[in-house]
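The values are calculated or read from the model by the stated rules, or taken from the named source; none is laboratory data. Everything numeric here is computed off the predicted structure, so don't read it as measured data. FYI the Cβ positions are ideal-geometry reconstructions off the backbone, even for glycines, and counts take in every protein chain you see.
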Amino acid sequence: MSHLSRRDLLRSSGAGLLALAAGGALAACGSGSDGGSGGDAETGTVTVWSWATAAAALRAVVPAFEKDNPGIKVEVQDIGEPAIWDKITVGLAAGGQGLGDVLHIGGDYLPGYMDKFPAGLADLSALGADAHRDKFAKGVWPVVIGKDGRARALPWETNPLGFFYRKDYFDKAGIDPTTFATWDDLLAVADRFKAANPGVALLELNKAASPDPDLDFLQSLMQLQGAFYFDLQGRITLGSEPAVRALTIVKRLEEAGAIIDAPGAHGWVDLMKAGKFAVSPMPAWAAHYFEAKFPDQSGNWRLAAPPAVTPGGKRTALVNSTHLAVAASSPRRRAAWKFVEYALTRPASVNAMFTAGGVFPALTAAYADPMYSRPSDYYGGQPVLKTFADLATAGGDPTNFSGDYARALKLASDAQVKVLLRKADPAAALQDAAKQLAQQTGRTTA
């Protein structure tokens, strides 16, 4: 996963899935076969489509795989992101023509592909995938299951939500963020924090959602409650009580003067460089990103489990994930599956990829490696990877992005903008958004 574009990936996902929705009529053409002659070759050259650092991570496991699997060669292609989404969409719509054998797919795209092109991805259950279902962080396996109950991918990356905070700023105010049990606890110390740190906000947010929706924080507050825009049956939950509670927290933080505006696609990066905020609720990929991009802040940041939304509520959420799938049109499905299985179900493989590309693994057996307990100088000697490993092991509720994520993202973003800039009521804004989503998609409301 390209670290610089993780947040942008979720923002930009709308275009690709809107294209899927608009191209629904092509779904019948995108029905590559799971069977047929020539599709079960166990040797040959397997092409793998990925992007940026994830592609580099995949290349790290190729030498060992080829040594252990004579007769199979692997070629990893860096397609680029977001270009890969257009190429996969076009290939699926053309019946699988021109696709790579193995496809790296984000959790926000996978449900749309399975929905619009139900036979476009190979049935991995038929190849033995179900034997691995309990090896991954709790909450990620349902994401790879199609409507037929068959696995259409294997989990690779998972991103448990973390609560990064500037220890130096909180120390000035005499506040210990590790004592926060809920977001109300953070709100309770907002005035005290501001008094001790003039010019520093608690959090950043692109309030106007310009140029694209900025819903990572709101989504994470919903996911901490096991909720999202849709439930696992595909019904709309955008106007549910958990969604309203999440947006109400955002509203209260804004009213407390705890949020600094981060305009533009990378406004948060500029603000972080300038030390303008103290809390960053971010996924596991951010641990290495902070260290690489903001080296001058070494020793200032720490990590804790995110506060719960409600007293006694969950403090874990898996906010996004990526997966490896096999194109149903591939003439080398068995060889492709061998690579996917080798790369994603062996601790040595996923840890080699983590080291090479910073892709935090969903395979829980990987966390036994000593590197996850290693202290980090950047985080003041704290073993941040251990914290994320513990959060991933605890798992989270599965998130159904569905094939209509783009529409839901836009409507939820509009609702947040109304609350932040027009002082709208969160419940009214979200219920109106849910009504529009039902009209646009034909889905029922839970």
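Before moving on, here are some points about what is shown:
- Of all residues in the stretch 102-157, those satisfying the criterion of being more than 20 Å from the chain's Cα centre (by Cα) and at positive phi are GLY128, GLY149.
- Any chance GLY239 is closer than 15 Å to ALA427 by Cα and in a loop (DSSP other than H, G, I, E, B): yes
- Count - residues of the stretch 253-310 that are of a type in the set (Ser, Thr, Tyr), out of contact with any strand residue (DSSP E or B) (no Cβ under 8 Å at 6 or more places or on another chain) and under 15 Å from PHE170 (Cβ atoms): 0
- LEU232 at pLDDT below 95, under 30 Å from ALA119 (Cβ atoms) and aliphatic (A, V, I, L, M): yes
- The stretch 269-285, residues that are part of a loop (DSSP other than H, G, I, E, B) and either within 20 Å of PHE217 (Cα to Cα) or touching an Asp or Glu at 6+ places or on another chain (Cβ under 6 Å) (or both): GLY275, LYS276, ALA278, ALA284, TRP285
- Wholly enclosed helices (runs of 4 or more DSSP H) of the stretch 286-392 bearing at least 2 residues surrounded by fewer than 22 Cβ atoms within 10 Å (Cβ to Cβ) and at pLDDT below 95: 286-293, 347-357
- Scanning the stretch 344-353 turns up no residue that is in the same structural domain as LEU103 (by TED's automatic domain parsing), more than 16 Å from ALA57 (Cα to Cα) and of a type in the set (A, V, I, L, M).
- Within the stretch 256-267, residues that are under 13 Å from ASP212 (Cβ atoms) reach partners that are of a type outside the set (S, T, N, Q) and not in a loop (DSSP other than H, G, I, E, B) with beta carbons closer than 7 Å, at six or more positions or on different chains, in the pairs ALA262/GLU204; ALA262/LEU205; ALA262/TRP268; ALA262/LEU271; ALA265/ASP8.
- Filtered residues of the stretch 415-446 (kept if without any contact (Cβ under 8 Å) to a residue 60 or more places away in the chain and either in contact with a helix residue (DSSP H, G or I) (Cβ under 6 Å, 6 or more places away or on another chain) or farther than 16 Å from GLU241 by Cα (or both)): LYS418, ARG422, LYS423, ALA424, GLN436, GLN439, GLN440, GLY442
- Selection status of ASP134, outside any loop (DSSP other than H, G, I, E, B), among the charged types (D, E, K, R) and closer than 20 Å to GLY257 by Cα: no
- The stretch 24-81, residues that are surrounded by 16 or more Cβ atoms within 10 Å (Cβ to Cβ), of a type in the set (Val, Ile, Thr), modelled with pLDDT under 95 and in a loop (DSSP other than H, G, I, E, B): none
- Answer residue from the stretch 162-184, given it is touching a strand residue (DSSP E or B) at 6+ places or on another chain (Cβ under 8 Å) and in a loop (DSSP other than H, G, I, E, B) and is farthest from GLU204 (Cα to Cα) among those: ALA181
- Members of the stretch 379-415 found to be under 26 Å from ALA365 (Cβ atoms) and either touching a Leu at 6+ places or on another chain (Cβ under 6 Å) or aromatic (Phe, Trp, Tyr) (or both), listed by number: TYR379, VAL384, THR387, PHE388, GLY396
- The single condition from (1) free of Cβ contacts under 8 Å to residues at least 60 places away in the same chain; (2) in contact with a strand residue (DSSP E or B) (Cβ under 9 Å, 6 or more places away or on another chain) that ALA368 fails is (2).
- Complete set of residues in the stretch 221-251 that are basic (Lys, Arg) and touching a helix residue (DSSP H, G or I) at 6+ places or on another chain (Cβ under 6 Å): LYS251
- Every residue from the stretch 238-272 that is at pLDDT below 95 and surrounded by fewer than 16 Cβ atoms within 10 Å (Cβ to Cβ): GLY264, HIS266
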